[in-house]
Amino acid sequence: SDEEIEQIARHFNCSLDEVGANYLRKIEGRWALKELPRRNWDCIFLEGKRCQIYSIRPKQCQTFPWWKDNLATPAAWKE
């Protein structure tokens, strides 16, 4: 959300444009955190096994793995 993006900007003391350029991508018209293909598609904020923005992590992260798509079938959950 816009509020979550603003929190990330405050956390890193940077502009909204910098957050967008460095940490976000658009998927179907909505903002999402970038994932890193060279690190098995890990979130851009994941360092080792620790989230670098844990205290302000977006709702998408707070609710993982309990996403509707993950819960749709046993196979989806396993994946």
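General observations
- Evaluating PHE64 against the criteria (1) at pLDDT 95 or above; (2) within 11 Å of the chain's Cα centre (by Cα) leaves one unmet condition, (1).
- Residue within region 54-70 that is part of a helix (DSSP H, G or I), of a type outside the set (A, V, I, L, M, F, W, C), in contact with a Phe, Trp or Tyr (Cβ under 8 Å, 6 or more places away or on another chain) and farther than 24 Å from ALA9 by Cβ present: yes
- Exactly one residue among ALA32, ALA76 is under 19 Å from GLU4 (Cβ atoms) and open to solvent by less than 50 Å² (accessible area, probe 1.4 Å), and that residue is ALA32.
- Single residue of region 52-61 satisfying the filter (open to solvent by 50 Å² or more (accessible area, probe 1.4 Å) and under 11 Å from LEU33 (Cα atoms)) that is modelled with the highest pLDDT: ARG57
- Put simply, of ARG39, ARG10 the only residue that is basic (Lys, Arg) and open to solvent by 80 Å² or more (accessible area, probe 1.4 Å) is ARG10.
- Residue within region 35-52 that is in a helix (DSSP H, G or I) and among the polar types (S, T, N, Q) present: no
- Residue in region 13-20 that is of a type in the set (D, E, K, R), open to solvent by 80 Å² or more (accessible area, probe 1.4 Å) and in a helix (DSSP H, G or I) present: yes
The values are calculated or read from the model by the stated rules, or taken from the named source; none is laboratory data. In this text, all values refer to a predicted model and were calculated from it rather than measured experimentally. Glycine gets a Cβ as well: all are built from the backbone with ideal geometry, and neighbour counts include every protein chain shown. These area figures cover heavy atoms from the full protein model, side chains too; ligands, DNA and RNA do not enter into them. Shrake-Rupley method; radii C 1.70, N 1.55, O 1.52, S 1.80 Å.
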